[in-house]
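First up is the structure itself, then whatever we jot down about it.
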Amino acid sequence: MFSGIIEGLGRLTQCDLSEKWGRIAVEVQGQPWPEPIAQGESIATQGICLTVCESDGQTLRFDVLRETFERTTLGSKRVGDLVNLERSLRWGQTMGGHIVVGHVDGVGQVTAVEPVGRDWRLTFTCASELLDGIVHKGSIGIDGISLTVAALRAEAFDVHVIPFTWEHTTFHTLKPGSPVNLELDLLGKFVRRFVERGQFPGAVTWESLRAEGLIP
C-alpha cells in the first residue's frame, strides 16, 4: 500500500517488451531512501505497483506483465523517461496522501496545462466509466501522485498542483496530449460496487445513527 506522496524520481534505462512479458530498469535519481531497497519489495513506479526483482542500490529492475504494458502508460515509455517512485508504506508511518494500492484503473490524457499564480492547473480527460468514479473534492491518483479533484465536468476534470509537486514529480514534463495513469479512490470503488449490486443500506437518519451507537 502507498500514500501517493512521491519520494523520488527514477530514469528508465531499460524498457523491453517481449511476446508475453517485459522488463524495465529504473535508475534512481539521488538518494530518496536512507535504507537500501531489497529484492521482493513493492515500489510504486509511475503509480504502478511493481516488485523489485534485482537491485544494486542505484538501479531497480522489475519484471512486468504484458497486460501492465498495455493497460498503463508503461507501454508508451522510452529509455530516458522519468518516472515517479514511492516505497511501500511501513506500519506506523505517516499517511500523508490517501490510500493508493498501485492498481491502475485506466489511462487519461492531459488536455491543458495552465499556470495559475504560483501554481499549475491541469485538465484531464478519460473514459466515461472512469469519470463516473471521480467526485469533486475527492482524491485521485495520477501517475502515483495523490491529488484532489478541483473541478469536475461531464467530460473532464481538473487538479491544482503546488510548485513543490510540480518540480519534484514528473508533472513538470506533462503537456497536452500526454497520457497518465489514473487510480480512483479505493473507498469510492467499494461504495460504487455496493450500490451497483443493490447492497447499499437505506437512508441514513439521526435515529439509525443513534440505534447503531454512533451518536449519543
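Grab the beta carbon distance between Arg66 and Lys189, set R0 = 25 Å, and tell me the FRET efficiency rounded to 0.05.
0.55
As a check on your grasp of the helix formula, calculate [θ] at 222 nm for the chain: sum -39500 (n - 2.57) over DSSP H runs of n ≥ 4, divide by the residue count, round to the nearest 500.
The helix contribution divided over the chain gives -3500 deg cm²/dmol.
Loop only per DSSP, at most 12 neighbouring Cβ atoms within 10 Å: give me the GluC sites (Glu not before Pro) in segment 101-204, ordered by residue number.
Of the GluC sites (Glu not before Pro), the ones in loops of segment 101-204 whose Cβ has at most 12 other Cβ atoms within 10 Å are Glu155.
Excluding the sites themselves, what is the longest stretch of the chain that contains no trypsin sites (Lys or Arg not before Pro) in a DSSP loop with at most 14 other C-beta atoms within 10 Å?
In the chain, the maximal stretch lacking such sites is 21-77.
In nanometres, what is the gap between the two model label sites at Ser76 and Trp21, each 7 Å from Cα along Cα-to-Cβ?
2.7 nm
Measure out, as a whole number of angstrom, how far apart the alpha-carbon centroids of segment 114-170 and segment 33-106 sit.
When both Cα centres are located, 21 Å separates them.
Tell me the net charge near Thr59. Cut-off is 11 Å between Cβ atoms, Thr59 excluded, with +1 for each Lys or Arg and -1 for each Asp or Glu.
-1
What order do you get for Asp81, Asp119, Asp56 when you list them from fewest to most C-beta neighbours inside 10 Å?
Result, fewest neighbours first: Asp56, Asp119, Asp81.
Residues with beta-carbon under 15 Å from that of Pro179, excluding Pro179: net charge, scoring Lys, Arg +1 and Asp, Glu -1?
-1
Under 29 Å Cα-Cα from Lys20, which lysines qualify once same-chain neighbours fewer than 8 residues away are excluded?
In chain and number order, the partners are Lys77.
Which angle between 0 and 90 degrees, to the nearest 10, do you get for helix 186-196 versus the longest principal axis of the chain when only C-alpha atoms count?
With rounding to tens, the tilt is 50 degrees.
Quick one, which of (1) 168; (2) 108; (3) 128 is the actual volume of the Cα convex hull per residue in Å³ calculated for this model?
Working out volume of the Cα convex hull per residue in Å³ from the coordinates points to (1).
For a footprinting-style exposure proxy, rank Ser76, Ser128 by other Cβ within 10 Å, fewest first.
Lowest count first: Ser128, Ser76.
What distance in nm lies between label points placed 7 Å from Cα along the C-beta direction at Thr94 and Lys175?
About 3.6 nm separates the two model spin labels.
If the reach is capped at under 14 angstrom between alpha carbons, list the aspartates and glutamates near Lys189, excluding any in the same chain fewer than eight residues apart.
Once the sequence-local aspartates and glutamates are set aside, what remains near Lys189 is Asp105, Glu129, Asp132.
Note down the magnitude of the dipole of the chain about its Cα centre, charges +1 on Lys and Arg C-beta and -1 on Asp and Glu C-beta and zero elsewhere, to the nearest 20 debye. Numbers along the way, then the final one.
Values: 20 positive and 27 negative charges, 43 e Å.
Charge dipole, the chain, about its Cα centre: 200 debye, nearest 20.
Every read-out reported here was derived from the displayed coordinates using simple, explicitly stated rules and does not represent laboratory data. From a predicted model like this one, the values you see are computed outputs, not experimental measurements. Note that each Cβ is placed from the backbone with ideal geometry, even for glycine, and that neighbours are counted across all protein chains shown.
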